[in-house]
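First up is the structure itself, then whatever we jot down about it.
The values are calculated or read from the model by the stated rules, or taken from the named source; none is laboratory data. In this text, all values refer to a predicted model and were calculated from it rather than measured experimentally. Glycine gets a Cβ as well: all are built from the backbone with ideal geometry, and neighbour counts include every protein chain shown.
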Amino acid sequence: MSSFLILQLRPEDAAADEEFEAFLSRGGLAEGDVTRVRLDQGRLGAVTLQDYAGVIVGGGPGCVSDDPATKDPLEARIEADIMALMPEILSRDMPYLGCCYGMGILGAALGAPVGKGRYGEAIGGVDCRLTDAGVRDPLLADLPERFRALVGHKEAVEDLPDGAVHLVASAPCPFQMIRAGKNVYATQFHPEARGENFAQRIAIYRDRGYFAPEDADDLTQAVLAEPITAPEQILRNFVARFR
């Protein structure tokens, strides 16, 4: 069985390890089923995509829409490494699941506007709903037509990319999940995350501008109270479909 390539962008060890464990447990994966690459630790280098069953891209503190002139150099290098893979992923219709930051990457690769002006969401739970296309999509099989998911992002895709399929929406952010081709997916919400995952991230990112630091305790209690279970089915379906 080919392994899944997991690309991580988080430069904080605790955040990267927590996210990695969440991908494994929610996706039904063992460490031997994946190749893990932390892009903060070095250049990606040459990747032979045909050696992998699929690519999973995690979240991170960077934003695709940040001004290149002021973008953190590490975040700029990580973004460039992932963007360099996208033309081949799209041309091959390579199984891809981008989570939060991975949505911005896919949107930018498809030429859609990605920005902070319209659809950013504060940290917490949000009501999501499947579109008609989402109801029919195999990656969303067994999900209820309405479900709660955890979000927290400054930027978002602002228009549906040309040729993409709109799968999941919410009132604050219309493009919560999209698909390009048959196998290239991205979610704005975090399919790997439950309340305990977000509680750890709140502690780590309390000074990164996602929320006022004095709100951390209230936000932690709020995410821990969220009964989040449906989104992780997307990860399980992705792994089951392409492994």
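List of remarks:
- Residue check for ALA169: hydrophobic (A, V, I, L, M, F, W, C) and in contact (Cβ under 8 Å) with a residue 24 or more places away in the chain: yes
- The lone exception for GLY111 - which of (1) of a type outside the set (Val, Ile, Thr); (2) outside any loop (DSSP other than H, G, I, E, B); (3) at pLDDT 95 or above it fails: (2)
- Residue within the stretch 49-69 that is more than 27 Å from ILE123 (Cα to Cα) and touching a residue at least 60 places away in the same chain (Cβ under 8 Å) present: yes
- Residue pairs whose Cβ atoms lie under 6 Å apart, separated by 6 or more positions or on different chains, with the first residue in the stretch 32-45 and surrounded by 10 or more Cβ atoms within 10 Å (Cβ to Cβ) and the second among the aliphatic types (A, V, I, L, M) and part of a loop (DSSP other than H, G, I, E, B), are LEU39/LEU9.
- Scoring ALA30 on the criteria (1) among the aliphatic types (A, V, I, L, M); (2) over 18 Å from ARG243 (Cα atoms); (3) more than 19 Å from the chain's Cα centre (by Cα) leaves a single failure, condition (2).
- Among residues of the stretch 80-104, those that are over 15 Å from ALA46 (Cα atoms), assigned to a helix (DSSP H, G or I) and touching a residue at least 12 places away in the same chain (Cβ under 8 Å), counted: 6
- Residues that are surrounded by 14 or more Cβ atoms within 10 Å (Cβ to Cβ) and of a type in the set (Ser, Thr, Tyr) within the stretch 47-89 comprise TYR52, SER65, listed in sequence order.
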